[in-house]
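Have a look at the structure below, then the notes.
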Amino acid sequence: MPRGISSTARAAGRNILWLAFLSAASFAQSPSVSSYRDPVDLVRKAVQNEVKATADDYFMFRGVKTTSKGSTTKLYVETKEATAGLVIAYDGKPLTQDQRQGEQDRLERFVKNPEELRKKRAQEHDDADRTTRIVRALPDAFLFEYAGEEPGSTGIGKPGEPLVKLKFRPNPDYHPPSHVEEVLTGMQGHILVDAHRFRIASIDGTLFKPVGFGWGILGHLDRGGHFIVHQQEVEDNCWEISSMTVNFTGKILLFKNLFIESTEVFTGFKRVSSDLSFAQAIDLLKKEESALAGNHASAALAQKR
């Protein structure tokens, strides 16, 4: 899935988002949520499903990332070795032949140089490990209160199915053990939870104070940072992130400015084999890109007639 939120599918901003997305924790005990089973049990089961999903399911999908500089369309294929990503368009326009060759050469570098692929895999592993640490902190990091229900819709949960809405805020008794978990102490907002499938369908959060973060570097995020992450069911009991919007400013290593502002939408999920190698993923991306390029050329020719 689009996972935590690294290079390609796990870029810096996305890493922050995925950690935020999984920031569901313990719920404030209240009779108003009693019909949705025990609140703590609900969140623990939802978190367990999110963690399991990051390990069991592999997909090819399309992502369109939009920033103030324009949009980039990219194809992704997930494998056990690493996630392969191939740019196929800028601002909705297909790449030139030189750009296509450059993208393919970039991917081939990982196959021709095992050390490069090892570094990429190690980076993604580190990102996954940090996410796991965040997940383990959730039962202690937040307090939640019931805020009603909303039906699932396109890109959010399962369309038409009820979602429990919960407001969240930091647990004042929580003390993060490291910079990795420290980001949780400054978040508040609301989430939507499918209480029957134990999945998180949406999270909308805002930083109400500056917070530090780790991820192998030191830095902080400014107050006012905002993110929205939606997740949808793409197959029976299989959920993937459908869109992310993020707006953060801050500092890296205390002196380098950090500015992240983007919206990314993910569509066209197709399951791939869990045994797919990174080299095979590249071949799959090339075939998909060639097919899309052919369709675009045919459509352009038809318009001229």
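The values are calculated or read from the model by the stated rules, or taken from the named source; none is laboratory data. Since we're looking at a predicted model, the values are computed, not measured. So basically every Cβ, Gly included, is an ideal-geometry build from the backbone, and we count neighbours across all protein chains shown.
Please work out which one of (1) of a type outside the set (D, E, K, R); (2) in contact with an Asp or Glu (Cβ under 7 Å, 6 or more places away or on another chain); (3) within 25 Å of Asp91 (Cβ to Cβ) is the condition Gln231 fails and give its number.
(3)
Name the residues in region 173-193 that are within 12 Å of Leu143 (Cβ to Cβ) and assigned to a loop (DSSP other than H, G, I, E, B), would you?
Correct list: Asp173, Tyr174.
Go over the candidates Glu116, Glu124 one by one and state the one that is over 28 Å from Gln232 (Cα atoms) and modelled with pLDDT of 85 or more.
Unique residue meeting the criteria: Glu116.
Pairs needed: first member in region 238-260, under 21 Å from Val272 (Cα atoms); second member anywhere, among the polar types (S, T, N, Q) and buried (at least 19 other Cβ atoms within 10 Å of the Cβ); C-beta distance under 7 Å; at least 6 residues apart or different chains.
Partner pairs satisfying both residue conditions: Trp239/Gln231; Trp239/Gln232; Glu240/Gln231; Glu240/Gln232; Ile241/Gln231; Ser242/Gln231; Ser242/Gln232.
If I filter region 60-114 down to residues being touching a Ser or Thr at 6+ places or on another chain (Cβ under 6 Å) and of a type in the set (D, E, K, R), which single residue comes out as nearest to Ser290 (Cα to Cα)?
The qualifying residue nearest to Ser290 (Cα to Cα) is Arg62.
Give the residue that is farthest from the chain's Cα centre (by Cα), with candidates limited to residues of region 152-172 that are within 23 Å of Leu184 (Cβ to Cβ) and in a loop (DSSP other than H, G, I, E, B).
Filtering region 152-172 for residues that are within 23 Å of Leu184 (Cβ to Cβ) and in a loop (DSSP other than H, G, I, E, B), the one farthest from the chain's Cα centre (by Cα) comes out as Pro172.
Of all residues in region 273-290 being under 13 Å from Glu81 (Cα atoms) and of a type in the set (S, T, N, Q), which is modelled with the lowest pLDDT?
Ser274
If you take the residues of region 39-53 that are of a type in the set (A, V, I, L, M, F, W, C) and over 14 Å from Ala137 (Cβ atoms), which of them is modelled with the lowest pLDDT?
Filtering first and then ranking leaves Val40.
Could you look through region 196-215, keep only residues that are among the small types (Gly, Ala, Ser) and within 24 Å of Arg44 (Cα to Cα), and pick out the one that is farthest from the chain's Cα centre (by Cα)?
Gly205
Of the residues that make up region 162-181, is at least one surrounded by 15 or more Cβ atoms within 10 Å (Cβ to Cβ), touching a His at 6+ places or on another chain (Cβ under 8 Å), at pLDDT 85 or above and closer than 30 Å to Lys80 by Cα?
Checked against the condition, which is being surrounded by 15 or more Cβ atoms within 10 Å (Cβ to Cβ), touching a His at 6+ places or on another chain (Cβ under 8 Å), at pLDDT 85 or above and closer than 30 Å to Lys80 by Cα, region 162-181 yields no hits at all.
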